[in-house]
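Taken together, the values in this text are just the output of simple stated rules run on the coordinates, not laboratory data. Note that this is a predicted model, so its numbers are computed, not measured. Quick reminder, even Gly has a Cβ in these numbers, built from the backbone with ideal geometry, and neighbours come from all protein chains shown.
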């Protein structure tokens, strides 16, 4: 009898302090919605950060392309000799490097902007399909994009998250 009385007293004290009340009053659906909201907020932040990193790398590629164009316009003999062993800069190789730099610049700039927009759309709970397509493409970007893409696909395909987007 004493043990049962002590357990009841402990429960009543927890109930009065408010600790047990949150365990009793909070149904699992509210906790699930809170978890989905937290996951979507975290996903939107990670998408924005990933997009900004890609935009910074694209800006560095812009610097690469500008320096390549400067070398194409006016070859510097000291740099040419140190890099290529002759006074004539191989214009074809330099042109290819500049072209590849510009191609990657455009690719990363568009991809970074798409990630930032997707992060903003996830934050606003809009355009779920756009985020799903980008998450599928992110699975090809090993290793960080794969982790981000798979987690986005898992989160965005939940039935409870679909209901959040429909509201």
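Quick look at the values:
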item	result
Nearest-0.05 FRET efficiency for residue 67 and residue 38, computed from C-beta distance (R0 41 Å)	0.40
Semi-axes of the equivalent ellipsoid for the range 38-166, Cα gyration tensor, largest first, Å	42, 12, 10
In nm, spacing of pseudo-spin labels at residue 110 and residue 163 (7 Å Cα→C-beta vector)	3.9 nm
Sorted by Cβ neighbour density within 10 Å, fewest at the top, the residues 140, 134	140, 134
Cβ-derived FRET efficiency at R0 25 Å, residue 52 paired with residue 92, nearest 0.05	0.10
